[in-house]
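Asks: Have a look at this one.
The values are calculated or read from the model by the stated rules, or taken from the named source; none is laboratory data. This structure is a prediction, so every number in the text was calculated from the model and none was measured. Glycine also receives a Cβ, built like all others from the backbone with ideal geometry; neighbour counts cover every protein chain displayed. Heavy atoms of the whole protein, side chains included, go into the accessibility calculation; ligands, DNA and RNA do not. Shrake-Rupley method; radii C 1.70, N 1.55, O 1.52, S 1.80 Å.
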Amino acid sequence: MSVVVRQTNPYMGQKPGTSGLRKKVAVFRQPNYLENFVQSIFDSLEGFEGQTLVVGGDGRFFNREAIQVILKMAAANGFGRVLVGQGGILSTPAVSCVIRKHQAFGGIVLSASHNPGGPTEDFGIKYNISAGGPAPEKVTEAIHKRSKVITEFKVWEADDLDLDTLGSVTLGDMVVEVIDPVADYAELMGRLFDFDAIRALFASGFRMRFDAMHAVTGPYATTILEGLLGAAAGTVINGIPLTDFGGGHPDPNLVHAHELVEQLSGPGAPEFGAASDGDGDRNMIIGRDFYVTPSDSLAVLAANATLAPGYAAGLKGIARSMPTSQAADRVAAALGIPAFETPTGWKFFGNLLDAGLATLCGEESFGTGSDHVREKDGLWAVLLWLNVLAVRKGESVEAILRGHWAKYGRNYYSRHDYEAVDSAAAEGLMAHLRGSLDGLQGKSVGAYAVALADDFAYTDPVDGSVSTKQGIRVVFTDGSRIVYRLSGTGTEGATLRVYVEKYEPDTAKHDQDTQATLGDLISMANEIAEIAVRTGRAAPTVIT
(Lines give C-alpha, C1' and ligand atoms only; values in the text may rest on other atoms or scores of the structure.)
Protein backbone atom coordinates (compact mmCIF):
# COMPACT_ATOMS: atom_id res chain seq x y z
CA MET A 1 0.00 0.00 0.00
CA SER A 2 1.35 3.38 -0.98
CA VAL A 3 0.56 6.78 -2.47
CA VAL A 4 -0.44 6.62 -6.12
CA VAL A 5 -0.55 9.64 -8.41
CA ARG A 6 -3.22 9.22 -11.05
CA GLN A 7 -3.65 11.25 -14.19
CA THR A 8 -6.96 12.97 -14.86
CA ASN A 9 -8.68 15.54 -17.02
CA PRO A 10 -10.64 18.50 -15.66
CA TYR A 11 -14.42 18.67 -15.66
CA MET A 12 -15.95 22.02 -16.41
CA GLY A 13 -18.72 23.21 -14.10
CA GLN A 14 -17.20 22.30 -10.75
CA LYS A 15 -17.91 25.73 -9.31
CA PRO A 16 -19.09 25.59 -5.68
CA GLY A 17 -22.27 27.52 -4.96
CA THR A 18 -23.42 29.02 -1.67
CA SER A 19 -23.54 25.50 -0.21
CA GLY A 20 -20.76 23.74 -2.09
CA LEU A 21 -20.92 21.63 -5.24
CA ARG A 22 -24.26 19.96 -5.88
CA LYS A 23 -24.99 17.68 -8.80
CA LYS A 24 -26.88 14.51 -9.58
CA VAL A 25 -25.38 11.30 -8.23
CA ALA A 26 -24.69 10.16 -11.81
CA VAL A 27 -22.49 13.21 -12.31
CA PHE A 28 -20.45 12.50 -9.19
CA ARG A 29 -20.04 8.86 -10.24
CA GLN A 30 -18.28 9.82 -13.46
CA PRO A 31 -14.65 8.65 -13.53
CA ASN A 32 -12.50 10.88 -11.30
CA TYR A 33 -15.23 13.52 -10.91
CA LEU A 34 -15.25 13.38 -7.11
CA GLU A 35 -11.49 12.85 -6.98
CA ASN A 36 -10.88 15.95 -9.09
CA PHE A 37 -12.93 18.13 -6.77
CA VAL A 38 -11.41 16.74 -3.58
CA GLN A 39 -7.90 17.20 -4.93
CA SER A 40 -8.83 20.73 -5.98
CA ILE A 41 -9.84 21.41 -2.37
CA PHE A 42 -6.55 20.09 -1.03
CA ASP A 43 -4.51 21.91 -3.68
CA SER A 44 -6.20 25.19 -2.68
CA LEU A 45 -5.24 24.86 0.99
CA GLU A 46 -1.93 25.48 2.74
CA GLY A 47 -0.45 24.21 5.96
CA PHE A 48 -2.64 21.14 6.55
CA GLU A 49 0.19 18.60 6.67
CA GLY A 50 -0.23 16.54 9.84
CA GLN A 51 -3.41 18.40 10.75
CA THR A 52 -6.91 17.10 11.55
CA LEU A 53 -9.75 16.89 9.03
CA VAL A 54 -13.40 16.19 9.91
CA VAL A 55 -15.49 14.19 7.43
CA GLY A 56 -19.16 13.21 7.49
CA GLY A 57 -22.44 13.52 5.71
CA ASP A 58 -26.19 13.11 5.85
CA GLY A 59 -26.23 9.45 4.88
CA ARG A 60 -27.72 9.94 1.46
CA PHE A 61 -26.91 7.62 -1.45
CA PHE A 62 -23.18 7.72 -2.37
CA ASN A 63 -22.22 9.06 1.07
CA ARG A 64 -20.25 6.00 2.15
CA GLU A 65 -18.44 5.58 -1.18
CA ALA A 66 -17.45 9.24 -1.23
CA ILE A 67 -16.07 9.07 2.31
CA GLN A 68 -13.83 6.14 1.41
CA VAL A 69 -12.39 8.17 -1.49
CA ILE A 70 -11.86 11.23 0.70
CA LEU A 71 -10.11 9.22 3.45
CA LYS A 72 -7.67 7.67 1.00
CA MET A 73 -6.98 11.01 -0.65
CA ALA A 74 -6.53 12.78 2.69
CA ALA A 75 -3.92 10.18 3.67
CA ALA A 76 -2.11 10.58 0.37
CA ASN A 77 -2.10 14.36 0.64
CA GLY A 78 -0.59 14.50 4.10
CA PHE A 79 -3.33 14.97 6.68
CA GLY A 80 -2.34 13.51 10.05
CA ARG A 81 -5.77 12.62 11.39
CA VAL A 82 -9.35 12.35 10.21
CA LEU A 83 -12.40 12.31 12.47
CA VAL A 84 -15.29 10.61 10.67
CA GLY A 85 -18.79 10.05 11.99
CA GLN A 86 -19.83 6.46 12.66
CA GLY A 87 -21.50 5.04 9.58
CA GLY A 88 -20.35 8.13 7.70
CA ILE A 89 -22.97 10.16 9.57
CA LEU A 90 -22.47 13.75 10.78
CA SER A 91 -25.06 16.46 10.56
CA THR A 92 -23.82 19.72 9.08
CA PRO A 93 -24.00 21.60 12.42
CA ALA A 94 -22.30 18.62 14.11
CA VAL A 95 -19.41 18.88 11.63
CA SER A 96 -19.01 22.51 12.64
CA CYS A 97 -19.20 21.55 16.32
CA VAL A 98 -16.56 18.83 15.96
CA ILE A 99 -14.22 21.09 13.94
CA ARG A 100 -14.39 23.76 16.64
CA LYS A 101 -14.14 21.45 19.66
CA HIS A 102 -11.19 19.47 18.32
CA GLN A 103 -9.49 22.47 16.69
CA ALA A 104 -9.43 20.75 13.33
CA PHE A 105 -7.90 22.32 10.25
CA GLY A 106 -11.22 22.01 8.45
CA GLY A 107 -13.90 19.60 7.35
CA ILE A 108 -15.63 18.10 4.36
CA VAL A 109 -19.41 17.86 4.48
CA LEU A 110 -21.21 15.46 2.15
CA SER A 111 -24.77 16.57 1.61
CA ALA A 112 -27.21 18.22 -0.75
CA SER A 113 -29.10 19.53 2.28
CA HIS A 114 -32.86 19.51 1.70
CA ASN A 115 -32.66 18.08 -1.83
CA PRO A 116 -33.95 14.53 -2.53
CA GLY A 117 -31.56 11.58 -2.30
CA GLY A 118 -31.16 8.27 -4.09
CA PRO A 119 -29.37 6.80 -7.12
CA THR A 120 -31.07 9.23 -9.52
CA GLU A 121 -31.21 12.20 -7.17
CA ASP A 122 -28.79 14.70 -5.66
CA PHE A 123 -25.42 14.67 -3.94
CA GLY A 124 -23.17 17.43 -2.69
CA ILE A 125 -19.82 18.26 -1.15
CA LYS A 126 -18.46 21.35 0.53
CA TYR A 127 -15.40 22.40 2.50
CA ASN A 128 -15.62 24.05 5.92
CA ILE A 129 -12.78 26.10 7.38
CA SER A 130 -11.21 25.91 10.85
CA ALA A 131 -13.80 28.29 12.33
CA GLY A 132 -16.36 25.60 11.48
CA GLY A 133 -18.24 27.46 8.78
CA PRO A 134 -18.49 27.17 4.99
CA ALA A 135 -15.45 28.24 3.04
CA PRO A 136 -15.50 31.94 2.10
CA GLU A 137 -15.64 33.01 -1.53
CA LYS A 138 -11.86 33.43 -1.86
CA VAL A 139 -11.47 29.74 -0.99
CA THR A 140 -14.30 28.46 -3.19
CA GLU A 141 -12.99 30.58 -6.07
CA ALA A 142 -9.56 29.04 -5.64
CA ILE A 143 -11.09 25.55 -5.63
CA HIS A 144 -12.99 26.30 -8.82
CA LYS A 145 -9.92 27.77 -10.50
CA ARG A 146 -7.91 24.69 -9.65
CA SER A 147 -10.64 22.32 -10.85
CA LYS A 148 -10.42 23.79 -14.35
CA VAL A 149 -6.75 22.89 -14.81
CA ILE A 150 -6.24 19.81 -12.63
CA THR A 151 -4.20 17.03 -14.27
CA GLU A 152 -3.58 14.57 -11.43
CA PHE A 153 -4.71 13.51 -7.99
CA LYS A 154 -3.15 11.56 -5.12
CA VAL A 155 -4.74 8.56 -3.45
CA TRP A 156 -3.57 6.00 -0.91
CA GLU A 157 -4.15 2.55 -2.34
CA ALA A 158 -5.85 0.48 0.35
CA ASP A 159 -8.96 -1.50 1.11
CA ASP A 160 -12.03 0.34 2.30
CA LEU A 161 -12.15 1.08 6.02
CA ASP A 162 -14.78 -0.04 8.52
CA LEU A 163 -16.89 3.05 9.21
CA ASP A 164 -19.28 1.32 11.61
CA THR A 165 -16.97 0.47 14.50
CA LEU A 166 -15.94 3.20 16.92
CA GLY A 167 -12.19 3.54 17.35
CA SER A 168 -8.98 4.36 15.52
CA VAL A 169 -7.14 2.72 12.64
CA THR A 170 -4.24 3.89 10.51
CA LEU A 171 -4.21 4.60 6.82
CA GLY A 172 -0.59 5.07 5.88
CA ASP A 173 0.75 7.72 8.26
CA MET A 174 -2.76 9.07 8.96
CA VAL A 175 -4.99 8.10 11.87
CA VAL A 176 -8.67 7.60 11.06
CA GLU A 177 -10.87 7.91 14.15
CA VAL A 178 -14.49 6.80 13.84
CA ILE A 179 -16.41 8.87 16.39
CA ASP A 180 -19.89 8.88 17.89
CA PRO A 181 -21.63 11.44 15.63
CA VAL A 182 -23.94 12.69 18.38
CA ALA A 183 -21.76 12.91 21.51
CA ASP A 184 -19.91 16.21 20.99
CA TYR A 185 -23.02 17.92 19.67
CA ALA A 186 -25.22 16.71 22.54
CA GLU A 187 -22.65 17.92 25.06
CA LEU A 188 -22.71 21.39 23.51
CA MET A 189 -26.51 21.52 23.58
CA GLY A 190 -26.45 20.59 27.26
CA ARG A 191 -24.29 23.64 27.98
CA LEU A 192 -26.53 26.03 26.04
CA PHE A 193 -29.95 24.99 27.31
CA ASP A 194 -31.66 24.25 30.62
CA PHE A 195 -32.11 20.52 30.18
CA ASP A 196 -33.60 20.22 33.68
CA ALA A 197 -36.38 22.67 32.80
CA ILE A 198 -37.09 20.88 29.51
CA ARG A 199 -37.17 17.50 31.31
CA ALA A 200 -39.70 18.96 33.73
CA LEU A 201 -41.75 20.19 30.79
CA PHE A 202 -41.96 16.70 29.30
CA ALA A 203 -42.58 15.18 32.73
CA SER A 204 -45.62 17.47 33.11
CA GLY A 205 -47.29 15.73 30.17
CA PHE A 206 -46.17 18.10 27.42
CA ARG A 207 -46.13 16.32 24.06
CA MET A 208 -44.30 17.00 20.84
CA ARG A 209 -43.46 15.39 17.51
CA PHE A 210 -40.13 15.74 15.77
CA ASP A 211 -40.06 14.64 12.12
CA ALA A 212 -36.51 13.67 11.15
CA MET A 213 -37.76 12.89 7.61
CA HIS A 214 -35.57 9.75 7.49
CA ALA A 215 -32.57 12.07 7.40
CA VAL A 216 -29.52 12.76 9.52
CA THR A 217 -31.16 14.28 12.61
CA GLY A 218 -32.93 11.04 13.54
CA PRO A 219 -30.11 9.76 15.79
CA TYR A 220 -29.52 13.25 17.24
CA ALA A 221 -33.18 13.88 18.06
CA THR A 222 -33.72 10.39 19.47
CA THR A 223 -30.65 10.63 21.71
CA ILE A 224 -31.37 14.14 22.95
CA LEU A 225 -35.17 14.38 23.01
CA GLU A 226 -36.16 10.85 23.99
CA GLY A 227 -32.95 9.90 25.76
CA LEU A 228 -31.51 12.90 27.61
CA LEU A 229 -34.72 14.93 27.97
CA GLY A 230 -37.25 12.19 28.66
CA ALA A 231 -39.68 12.84 25.84
CA ALA A 232 -42.03 9.91 25.28
CA ALA A 233 -40.96 7.09 23.00
CA GLY A 234 -42.30 7.83 19.54
CA THR A 235 -41.76 11.57 19.87
CA VAL A 236 -39.29 11.27 16.99
CA ILE A 237 -40.92 10.04 13.79
CA ASN A 238 -39.14 8.91 10.61
CA GLY A 239 -36.02 8.75 12.77
CA ILE A 240 -33.93 6.19 10.86
CA PRO A 241 -31.65 7.78 8.21
CA LEU A 242 -32.16 6.20 4.80
CA THR A 243 -30.10 6.67 1.66
CA ASP A 244 -33.17 7.90 -0.24
CA PHE A 245 -34.91 9.51 2.77
CA GLY A 246 -37.63 6.93 2.46
CA GLY A 247 -38.54 8.24 -0.98
CA GLY A 248 -39.48 11.60 0.53
CA HIS A 249 -38.21 15.10 0.02
CA PRO A 250 -36.30 16.07 3.21
CA ASP A 251 -37.31 19.72 3.10
CA PRO A 252 -39.06 20.81 6.33
CA ASN A 253 -41.99 22.83 5.04
CA LEU A 254 -45.75 22.51 5.05
CA VAL A 255 -45.74 20.61 1.75
CA HIS A 256 -43.04 17.99 2.33
CA ALA A 257 -43.52 17.56 6.09
CA HIS A 258 -47.23 16.89 5.63
CA GLU A 259 -47.20 13.91 8.01
CA LEU A 260 -46.07 16.17 10.84
CA VAL A 261 -48.64 18.81 9.92
CA GLU A 262 -51.40 16.20 10.06
CA GLN A 263 -50.24 14.97 13.48
CA LEU A 264 -50.30 18.54 14.87
CA SER A 265 -53.85 19.10 13.71
CA GLY A 266 -56.92 18.86 15.92
CA PRO A 267 -57.80 19.31 19.60
CA GLY A 268 -55.99 16.16 20.73
CA ALA A 269 -52.76 16.90 18.88
CA PRO A 270 -49.39 17.41 20.59
CA GLU A 271 -48.61 20.93 21.75
CA PHE A 272 -45.43 21.34 19.70
CA GLY A 273 -44.05 20.05 16.43
CA ALA A 274 -40.78 20.42 14.56
CA ALA A 275 -38.98 18.99 11.55
CA SER A 276 -35.47 19.11 10.19
CA ASP A 277 -33.97 18.50 6.77
CA GLY A 278 -31.52 16.18 5.04
CA ASP A 279 -28.35 17.37 6.76
CA GLY A 280 -29.88 18.81 9.92
CA ASP A 281 -29.28 22.51 9.40
CA ARG A 282 -32.88 23.59 8.77
CA ASN A 283 -36.00 23.52 10.91
CA MET A 284 -39.73 24.02 10.78
CA ILE A 285 -41.67 24.97 13.91
CA ILE A 286 -45.41 24.45 14.35
CA GLY A 287 -47.82 24.51 17.23
CA ARG A 288 -51.15 22.77 17.43
CA ASP A 289 -52.92 23.95 14.25
CA PHE A 290 -50.46 26.85 14.09
CA TYR A 291 -47.56 27.38 11.68
CA VAL A 292 -44.59 29.58 12.59
CA THR A 293 -42.77 31.16 9.66
CA PRO A 294 -38.96 30.94 9.83
CA SER A 295 -38.81 34.74 9.91
CA ASP A 296 -41.16 34.90 12.89
CA SER A 297 -39.28 32.06 14.57
CA LEU A 298 -36.03 34.02 14.40
CA ALA A 299 -37.73 37.10 15.84
CA VAL A 300 -39.40 35.20 18.69
CA LEU A 301 -36.20 33.34 19.59
CA ALA A 302 -34.26 36.61 19.58
CA ALA A 303 -36.83 38.22 21.86
CA ASN A 304 -36.71 35.26 24.29
CA ALA A 305 -33.10 34.07 23.97
CA THR A 306 -32.08 35.18 27.46
CA LEU A 307 -34.41 32.52 28.91
CA ALA A 308 -31.75 29.94 27.92
CA PRO A 309 -28.56 29.75 30.04
CA GLY A 310 -26.25 30.00 27.04
CA TYR A 311 -27.71 33.38 26.10
CA ALA A 312 -28.51 34.78 29.55
CA ALA A 313 -25.95 37.56 29.11
CA GLY A 314 -27.91 38.94 26.16
CA LEU A 315 -27.38 39.18 22.42
CA LYS A 316 -24.63 41.16 20.70
CA GLY A 317 -26.61 41.53 17.50
CA ILE A 318 -29.04 39.82 15.15
CA ALA A 319 -28.30 39.00 11.52
CA ARG A 320 -30.70 37.94 8.79
CA SER A 321 -30.46 37.32 5.08
CA MET A 322 -31.87 40.09 2.93
CA PRO A 323 -34.95 38.13 1.74
CA THR A 324 -35.87 37.20 5.33
CA SER A 325 -38.66 39.34 6.78
CA GLN A 326 -37.80 42.40 8.83
CA ALA A 327 -39.50 41.05 11.97
CA ALA A 328 -36.15 40.41 13.67
CA ASP A 329 -35.07 44.00 12.99
CA ARG A 330 -37.88 45.23 15.22
CA VAL A 331 -36.65 43.02 18.06
CA ALA A 332 -33.09 44.27 17.59
CA ALA A 333 -34.31 47.87 17.74
CA ALA A 334 -36.23 47.19 20.96
CA LEU A 335 -33.17 45.51 22.50
CA GLY A 336 -30.86 48.32 21.39
CA ILE A 337 -28.56 45.98 19.45
CA PRO A 338 -27.50 46.06 15.80
CA ALA A 339 -29.41 44.28 13.05
CA PHE A 340 -27.44 43.10 10.03
CA GLU A 341 -28.84 42.37 6.56
CA THR A 342 -26.64 40.01 4.52
CA PRO A 343 -26.91 38.12 1.23
CA THR A 344 -28.38 34.62 1.31
CA GLY A 345 -25.80 32.02 2.34
CA TRP A 346 -24.68 31.12 5.84
CA LYS A 347 -21.06 31.96 5.08
CA PHE A 348 -21.97 35.66 5.17
CA PHE A 349 -22.81 35.33 8.86
CA GLY A 350 -19.41 33.85 9.71
CA ASN A 351 -17.47 37.12 9.85
CA LEU A 352 -20.16 38.75 12.00
CA LEU A 353 -20.12 35.84 14.44
CA ASP A 354 -16.32 35.61 14.56
CA ALA A 355 -16.05 39.35 15.18
CA GLY A 356 -18.58 39.19 18.01
CA LEU A 357 -21.02 41.49 16.21
CA ALA A 358 -23.94 39.05 16.14
CA THR A 359 -25.21 36.21 18.30
CA LEU A 360 -28.35 34.95 16.49
CA CYS A 361 -28.69 34.54 12.73
CA GLY A 362 -31.50 33.40 10.49
CA GLU A 363 -32.69 32.87 6.94
CA GLU A 364 -36.23 32.60 5.66
CA SER A 365 -35.32 29.27 4.08
CA PHE A 366 -35.92 27.51 7.42
CA GLY A 367 -32.42 28.15 8.77
CA THR A 368 -31.70 29.52 12.25
CA GLY A 369 -28.55 29.44 14.34
CA SER A 370 -26.22 31.22 16.73
CA ASP A 371 -22.58 31.72 17.55
CA HIS A 372 -22.31 28.22 19.07
CA VAL A 373 -21.30 26.84 15.64
CA ARG A 374 -20.79 28.35 12.20
CA GLU A 375 -23.68 26.65 10.44
CA LYS A 376 -27.41 26.98 10.77
CA ASP A 377 -28.68 24.36 13.18
CA GLY A 378 -32.13 22.80 13.03
CA LEU A 379 -32.15 20.84 16.27
CA TRP A 380 -30.60 23.77 18.16
CA ALA A 381 -33.59 25.93 17.13
CA VAL A 382 -35.98 23.24 18.35
CA LEU A 383 -34.20 23.03 21.70
CA LEU A 384 -34.26 26.81 22.13
CA TRP A 385 -38.01 26.76 21.45
CA LEU A 386 -38.40 24.00 24.05
CA ASN A 387 -36.38 26.05 26.55
CA VAL A 388 -38.66 29.06 25.92
CA LEU A 389 -41.79 26.92 26.31
CA ALA A 390 -40.40 25.37 29.50
CA VAL A 391 -39.79 28.76 31.10
CA ARG A 392 -42.99 30.37 29.85
CA LYS A 393 -45.03 27.59 31.42
CA GLY A 394 -48.54 27.10 30.14
CA GLU A 395 -48.14 29.31 27.07
CA SER A 396 -48.74 27.64 23.74
CA VAL A 397 -46.78 28.32 20.56
CA GLU A 398 -49.75 30.28 19.25
CA ALA A 399 -50.03 32.36 22.44
CA ILE A 400 -46.34 33.22 22.30
CA LEU A 401 -46.63 34.34 18.67
CA ARG A 402 -49.73 36.41 19.26
CA GLY A 403 -48.10 38.11 22.23
CA HIS A 404 -45.06 38.82 20.08
CA TRP A 405 -47.17 40.37 17.31
CA ALA A 406 -49.07 42.47 19.83
CA LYS A 407 -45.78 43.93 21.03
CA TYR A 408 -43.87 44.28 17.75
CA GLY A 409 -46.50 44.11 15.02
CA ARG A 410 -46.88 41.32 12.47
CA ASN A 411 -44.84 40.97 9.30
CA TYR A 412 -47.05 39.04 6.89
CA TYR A 413 -44.62 37.12 4.75
CA SER A 414 -44.57 34.44 2.04
CA ARG A 415 -42.14 32.86 -0.39
CA HIS A 416 -43.22 31.58 -3.81
CA ASP A 417 -40.82 29.10 -5.45
CA TYR A 418 -40.82 28.35 -9.15
CA GLU A 419 -38.64 25.24 -9.33
CA ALA A 420 -36.73 23.75 -12.29
CA VAL A 421 -37.37 26.79 -14.47
CA ASP A 422 -35.44 26.87 -17.74
CA SER A 423 -32.14 28.51 -16.80
CA ALA A 424 -32.05 30.85 -19.78
CA ALA A 425 -35.62 31.98 -19.09
CA ALA A 426 -34.82 32.58 -15.42
CA GLU A 427 -31.71 34.58 -16.24
CA GLY A 428 -33.70 36.55 -18.80
CA LEU A 429 -36.31 37.38 -16.19
CA MET A 430 -33.66 38.69 -13.81
CA ALA A 431 -32.03 40.69 -16.58
CA HIS A 432 -35.43 42.20 -17.39
CA LEU A 433 -35.87 43.18 -13.74
CA ARG A 434 -32.43 44.76 -13.54
CA GLY A 435 -33.21 46.77 -16.65
CA SER A 436 -36.47 47.96 -15.11
CA LEU A 437 -35.04 49.26 -11.83
CA ASP A 438 -34.54 52.89 -12.87
CA GLY A 439 -38.07 53.05 -14.25
CA LEU A 440 -39.56 51.62 -11.05
CA GLN A 441 -37.95 54.14 -8.72
CA GLY A 442 -40.61 56.58 -7.52
CA LYS A 443 -43.33 54.90 -9.59
CA SER A 444 -46.78 53.96 -8.28
CA VAL A 445 -47.83 50.36 -8.78
CA GLY A 446 -51.47 49.91 -7.89
CA ALA A 447 -51.99 51.46 -4.47
CA TYR A 448 -48.27 51.29 -3.64
CA ALA A 449 -45.53 53.82 -4.27
CA VAL A 450 -42.02 52.50 -4.91
CA ALA A 451 -39.49 53.96 -2.47
CA LEU A 452 -36.51 51.82 -3.53
CA ALA A 453 -35.73 49.50 -6.44
CA ASP A 454 -32.25 48.02 -6.56
CA ASP A 455 -30.05 44.96 -6.98
CA PHE A 456 -28.88 44.25 -3.45
CA ALA A 457 -25.14 44.57 -2.82
CA TYR A 458 -23.40 43.85 0.47
CA THR A 459 -20.21 45.28 1.91
CA ASP A 460 -18.95 43.08 4.71
CA PRO A 461 -18.48 45.26 7.81
CA VAL A 462 -15.58 43.08 8.99
CA ASP A 463 -13.33 42.54 5.98
CA GLY A 464 -14.76 45.07 3.51
CA SER A 465 -15.46 42.46 0.81
CA VAL A 466 -18.26 43.31 -1.59
CA SER A 467 -20.91 40.92 -2.94
CA THR A 468 -23.11 42.17 -5.77
CA LYS A 469 -26.23 40.96 -7.59
CA GLN A 470 -27.67 39.36 -4.45
CA GLY A 471 -31.35 39.83 -5.29
CA ILE A 472 -33.72 42.41 -6.76
CA ARG A 473 -35.55 44.50 -4.15
CA VAL A 474 -38.69 46.52 -4.75
CA VAL A 475 -39.50 48.37 -1.51
CA PHE A 476 -42.64 50.47 -1.12
CA THR A 477 -43.13 53.58 0.98
CA ASP A 478 -45.16 51.71 3.62
CA GLY A 479 -42.30 49.23 4.14
CA SER A 480 -43.84 46.42 2.09
CA ARG A 481 -41.34 44.54 -0.08
CA ILE A 482 -41.05 42.27 -3.08
CA VAL A 483 -37.74 40.45 -3.52
CA TYR A 484 -36.61 38.27 -6.41
CA ARG A 485 -33.60 35.98 -6.55
CA LEU A 486 -32.40 32.78 -8.16
CA SER A 487 -31.52 30.02 -5.74
CA GLY A 488 -28.24 28.15 -6.00
CA THR A 489 -29.36 25.04 -4.09
CA GLY A 490 -30.97 23.06 -6.90
CA THR A 491 -29.37 20.73 -9.42
CA GLU A 492 -31.81 21.08 -12.33
CA GLY A 493 -32.61 24.29 -14.15
CA ALA A 494 -33.10 27.31 -11.93
CA THR A 495 -35.31 28.04 -8.95
CA LEU A 496 -36.88 31.49 -9.00
CA ARG A 497 -37.81 32.66 -5.52
CA VAL A 498 -40.21 35.53 -4.99
CA TYR A 499 -40.57 36.94 -1.47
CA VAL A 500 -43.48 39.16 -0.47
CA GLU A 501 -43.78 41.04 2.82
CA LYS A 502 -46.20 43.49 4.43
CA TYR A 503 -46.06 44.95 7.93
CA GLU A 504 -49.26 45.17 9.97
CA PRO A 505 -49.13 46.92 13.38
CA ASP A 506 -52.88 46.67 14.06
CA THR A 507 -53.62 43.69 16.33
CA ALA A 508 -57.19 43.62 15.00
CA LYS A 509 -55.74 42.58 11.64
CA HIS A 510 -53.39 39.83 12.86
CA ASP A 511 -55.81 36.97 12.11
CA GLN A 512 -56.02 37.44 8.36
CA ASP A 513 -55.04 34.80 5.84
CA THR A 514 -51.45 35.38 4.72
CA GLN A 515 -51.95 34.79 1.01
CA ALA A 516 -55.10 36.93 0.94
CA THR A 517 -53.40 39.72 2.87
CA LEU A 518 -50.49 39.68 0.43
CA GLY A 519 -52.70 39.13 -2.62
CA ASP A 520 -52.22 42.54 -4.22
CA LEU A 521 -48.45 42.42 -3.69
CA ILE A 522 -48.30 38.89 -5.13
CA SER A 523 -50.15 40.06 -8.23
CA MET A 524 -47.77 43.00 -8.56
CA ALA A 525 -44.78 40.71 -8.16
CA ASN A 526 -45.97 38.59 -11.10
CA GLU A 527 -46.74 41.66 -13.18
CA ILE A 528 -43.45 43.47 -12.54
CA ALA A 529 -41.33 40.42 -13.36
CA GLU A 530 -43.60 39.07 -16.14
CA ILE A 531 -43.25 35.65 -14.52
CA ALA A 532 -45.98 33.83 -16.46
CA VAL A 533 -44.83 35.14 -19.82
CA ARG A 534 -41.12 34.62 -19.25
CA THR A 535 -41.21 31.23 -17.48
CA GLY A 536 -44.43 29.70 -18.75
CA ARG A 537 -45.47 29.08 -15.15
CA ALA A 538 -48.98 30.06 -14.17
CA ALA A 539 -48.36 29.32 -10.49
CA PRO A 540 -45.45 28.61 -8.13
CA THR A 541 -44.32 25.06 -7.39
CA VAL A 542 -44.23 25.59 -3.62
CA ILE A 543 -45.64 28.33 -1.41
CA THR A 544 -44.28 28.77 2.11
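Asks: Over the range 1-104, what is the mean sequence separation of C-alpha contacts under 8 Å (at least six apart), divided by residue count, expressed as relative contact order in percent?
Replies: Once normalised by length, the contact order is 29 percent.
Asks: Related question: Quick check: at a probe of 1.4 Å, how many percent of the accessible area of the range 170-212 sits on carbon and sulfur atoms?
Replies: 46 percent
Asks: Measure off, as a whole percent, the carbon and sulfur share of the 1.4 Å-probe accessible area of the range 213-260, all protein chains present.
Replies: Using a 1.4 Å probe with all protein chains present, the range 213-260 comes out at 61 percent carbon and sulfur.
Asks: How big is the antiparallel share of DSSP beta bridges in the range 121-265, given as a percent to the nearest 5?
Replies: Close to 75 percent.
Asks: Before anything else, pin down the relative contact order of the range 426-544: Cα pairs under 8 Å, at least 6 apart, normalised by residue count, whole percent.
Replies: 21 percent
Asks: Here is a follow-up. Which of K15/K154; K376/K407; K347/K502 have a Cα-Cα distance over 24 Å?
Replies: The answer is K376/K407; K347/K502.
Asks: Tell me, what is the percent relative contact order of the range 173-319, built from C-alpha pairs under 8 Å that lie six or more residues apart?
Replies: Normalised by residue count, the contact order of the range 173-319 is 23 percent.
Asks: Which one, N526, V382, S19, is farthest towards the positive end of the dipole of the chain when Lys and Arg carry +1 and Asp and Glu -1 on their Cβ?
Replies: N526
Asks: Also: Which of the peptides 152-163, 212-223 is most tightly packed, and how do the rest follow, judged by the mean count of other Cβ atoms within 10 Å per residue?
Replies: Output ranking for 152-163, 212-223: 212-223, 152-163.
Asks: Here's a follow-up. Report the per residue volume, in Å³, of the convex hull enclosing the C-alpha atoms of the range 96-253.
Replies: 171 Å³
Asks: Tally up the carbon and sulfur contribution to the accessible surface of the range 499-544 as a whole percent, 1.4 Å probe, everything protein left in place.
Replies: Ligands and nucleic acids excluded, carbon and sulfur give 49 percent.
Asks: Let me ask something else. Only bridges whose two residues both fall in the range 1-159 count here: according to DSSP, what percent of them are antiparallel, nearest 5?
Replies: If I count the DSSP bridges inside the range 1-159, around 60 percent turn out antiparallel.
Asks: Tell me, how many Å apart are the Cα centres for the range 279-350 and for the range 109-129?
Replies: Centre-to-centre (Cα) distance: 26 Å.
Asks: Amide H neighbours of S414 under 5 Å, at least 5 residues apart or on other chains, H built in the peptide plane: list them.
Replies: Amide H to amide H, under 5 Å and 5 or more residues apart or across chains, S414 pairs with V500.
Asks: Would you mind working out the accessible area per residue for the chain, using a 1.4 Å probe, and quoting it in Å²?
Replies: For the chain, the per-residue accessible area is 36 Å².
Asks: So, one more: Would you mind computing, in nm to one decimal, how far apart the modelled labels at L452 and E177 are, each placed 7 Å from Cα along Cα→Cβ?
Replies: 4.8 nm
Asks: With only Lys, Arg, Asp and Glu charged, each at its Cβ (+1 for the first two, -1 for the last two), find how big the charge dipole of the chain is about the Cα centre; round to the nearest 20 debye.
Replies: The calculation lands at about 680 debye.
Asks: Helix-only estimate, please: 222 nm mean residue ellipticity of the chain, summing -39500 (n - 2.57) across DSSP H runs of length 4 or more and dividing by its residues, to the nearest 500.
Replies: Result for the chain, helices only: -9000 deg cm²/dmol.
Asks: Peptides 431-442, 284-295, 174-185, 376-387: what's the order by average Cβ count within 10 Å, highest mean first?
Replies: 376-387, 284-295, 174-185, 431-442
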